[in-house]
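Below is one structure, written out as structure tokens; comments come after it.
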Amino acid sequence: MKKSLVSLLMVLLLGLLSINVAAEAPERYQVIIPAGDNSFGTESEGLSAVKKNGKWGVINRVGDVVIPFTLNYDWVGSFHNGFAQVRKETEYGFISISGKEIVPPKYVKVLDFRDGVALVCDDKNIILQWGAIDTTGKVVIPVKYHFVDVTLNGYNDGYNVKNEGYPFKDGLAAVKIPTVGIEKYDSKTGKFKKIGKEDPNAGKLGYINKKGQVIIPFSYKADYDNKPLFNFNDGLAWVLKGTKYGAINTSGKIVIPFDYDGVESLNERLYHVWVKKKDGTFSKKVINSSGKAVFNNTYNIIHRFEEEGYAQVSKNNKWGFINTAGKVVIPLIYDQVSRFSEGLVSVKKDGKIGYLNVSGQEVIPLSNKYQDPGSFWGGIAPVKNDSGDIGFINMQGELVVPYEHYRDPSLSTEGGDKEHKERYWFVKEGAWGRVYDANGKPDDNRSDLINSSGKMIKNIEYYYVGRFIGGFAVFIVKDKDGDLKYGLIKDTAYVPKIQ
């Protein structure tokens, strides 16, 4: 049974809760892999990398070893499209699903394969440059570009950095040829000298396909304040010419004139644009991907549209929401608003806190009962009382988890203020963790799992337990020397959802 369940562990080191060392898990929680010198990768494509006795191997979802524990790397990543990143010291390469080394570790950074290509980064000439390889390791795009939306941390979609390694949108990627203006000190001559030969298109923005062919010439200015907009989206990309923004299609044809001094994306098809007038003020409006005005922007602040189709807007220090047509759906009468979560949004007005639904109706009436309201997850949300203690309310505004000295997870750190170092966090399968000592006060010695009704499920007694996903969680214990040991537990009450 251990073997058949081992592989579901790998998605799990995502957010840890504090608890005490114990020899065995409670009855509901069974130990699948005993604590030891294990390292767990993230499950992907039904495969998971595991480090055992200093060597890496790969297992599948039924626990079969598909790559023996013979891989001599410092790290093995998760599989994407049949390939996994590997690292030796500070250099990266790839292995295939059979364990064969496709690319030896030689790059400063690599990003995962997608549609047959993976981005790779080199630091030759001191300048970080990117290119792409195919699944045989052959370089298909010369390692000489700056992909405008790629960093060593991964691909930036404009709001989150993701390790996708895929800047090709609509088949094209926005790239810039780096300027060689880097000088290196020559100790023999005592002078600085330029490195390498500068490309005539250096510093300009253009577009290439996955074969490395230049489809749209290098003729635009690379404004790194608006990197996400330079990527194509539904056949349109914004570019900068001189000091004005306009938009082109995948053939390079101008579809929105270069009339604007600034632009920002509000969703996939709406853009906030503005023009600076002679008197120093701005004419602002929201346009669609055809360049047609949807509505004039008279607000001081407008945020991106959320999944509900609403955007936060502010005018004269009051907040509300508009829809994609520019119509006010929640009036601008609030001092503070948050983002929607599970259909509700917290608002603050005249010192009172409440929650609204998408129609703007008060589902949880404004009152002085709560401070610092949080978002709903799994049907409960954290709130504070006047003393700064944190409890949890349900979607009817009822306090279902009593106020205790929890700490906001966004502020959570190891150590720090001993009196307020306790943490809470959302456990994906519908429970929250909280910590008590023997007197019923929170500390780092116990943790309870609490469901969305505030009912205690069971104590778990480890130093750390990771977030439960698919009924499994990585746990950590400390040995007598204080060293951390990792294992896997199973929640026997977990019932998978039928798709």
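Quick check on this structure: which one of Ile301, Ile330 is open to solvent by 30 Å² or more (accessible area, probe 1.4 Å) and either among the hydrophobic types (A, V, I, L, M, F, W, C) or under 26 Å from the mean Cα position of the chain (by Cα) (or both)?
Step by step, each of Ile301, Ile330 is checked, and only Ile301 is open to solvent by 30 Å² or more (accessible area, probe 1.4 Å) and either among the hydrophobic types (A, V, I, L, M, F, W, C) or under 26 Å from the mean Cα position of the chain (by Cα) (or both).
List the number of the failed condition for Thr324; all other conditions in (1) of a type outside the set (D, E, K, R); (2) open to solvent by less than 40 Å² (accessible area, probe 1.4 Å); (3) under 26 Å from the mean Cα position of the chain (by Cα) hold.
Failed condition: (2).
Just to be sure before I move on: is Trp274 farther than 23 Å from Glu362 by Cα and open to solvent by less than 20 Å² (accessible area, probe 1.4 Å) in the structure I sent?
No; evaluated as a whole, the condition is false for this residue.
Since Gly137 meets every condition but one in (1) without any contact (Cβ under 8 Å) to a residue 24 or more places away in the chain; (2) farther than 21 Å from Gly203 by Cβ; (3) not aliphatic (A, V, I, L, M), which condition does it not meet?
Unmet condition: (1).
Taking Asn153 and the conditions (1) open to solvent by 70 Å² or more (accessible area, probe 1.4 Å); (2) farther than 14 Å from Cys121 by Cα; (3) at pLDDT below 60, which numbered condition does it fall short on, given that it satisfies the others?
With (1) open to solvent by 70 Å² or more (accessible area, probe 1.4 Å); (2) farther than 14 Å from Cys121 by Cα; (3) at pLDDT below 60 applied to Asn153, the lone miss is (2).
Any residue in the range 243-255 that is open to solvent by less than 30 Å² (accessible area, probe 1.4 Å), free of Cβ contacts under 8 Å to residues at least 60 places away in the same chain and hydroxyl-bearing (Ser, Thr, Tyr)?
Yes, the conditions are met somewhere in the range 243-255.
Each row is one residue, and each column tells you yes or no for (1) surrounded by fewer than 21 Cβ atoms within 10 Å (Cβ to Cβ); (2) at pLDDT below 95; (3) part of a strand (DSSP E or B).
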{"residue": "Val58", "(1), (2), (3)": "no, yes, yes"}
{"residue": "Gly63", "(1), (2), (3)": "yes, yes, no"}
{"residue": "Ile67", "(1), (2), (3)": "no, yes, yes"}
{"residue": "Gly77", "(1), (2), (3)": "no, yes, yes"}
{"residue": "Phe94", "(1), (2), (3)": "no, no, yes"}
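If I go through the range 202-225 residue by residue, how many of them are open to solvent by 70 Å² or more (accessible area, probe 1.4 Å) and in contact with a Leu (Cβ under 7 Å, 6 or more places away or on another chain)?
The total comes to 2.
When residues of the range 344-363 are filtered for being among the small types (Gly, Ala, Ser) and open to solvent by less than 30 Å² (accessible area, probe 1.4 Å), how many remain?
3
If you go through the range 364-386, how many residues are part of a strand (DSSP E or B), out of contact with any Ser or Thr (no Cβ under 8 Å at 6 or more places or on another chain) and crowded, with 16+ Cβ neighbours inside 10 Å?
6
Please pick out the residue among Gly171, Gly165 that is open to solvent by 10 Å² or more (accessible area, probe 1.4 Å) and either at positive phi or at pLDDT 65 or above (or both).
Gly171
The values are calculated or read from the model by the stated rules, or taken from the named source; none is laboratory data. All values reported here derive from a predicted model rather than from experimental measurement. Glycine also receives a Cβ, built like all others from the backbone with ideal geometry; neighbour counts cover every protein chain displayed. Accessible surface is based on the protein model in full, side chains and every heavy atom, while ligands, DNA and RNA are left aside. Shrake-Rupley method; radii C 1.70, N 1.55, O 1.52, S 1.80 Å.
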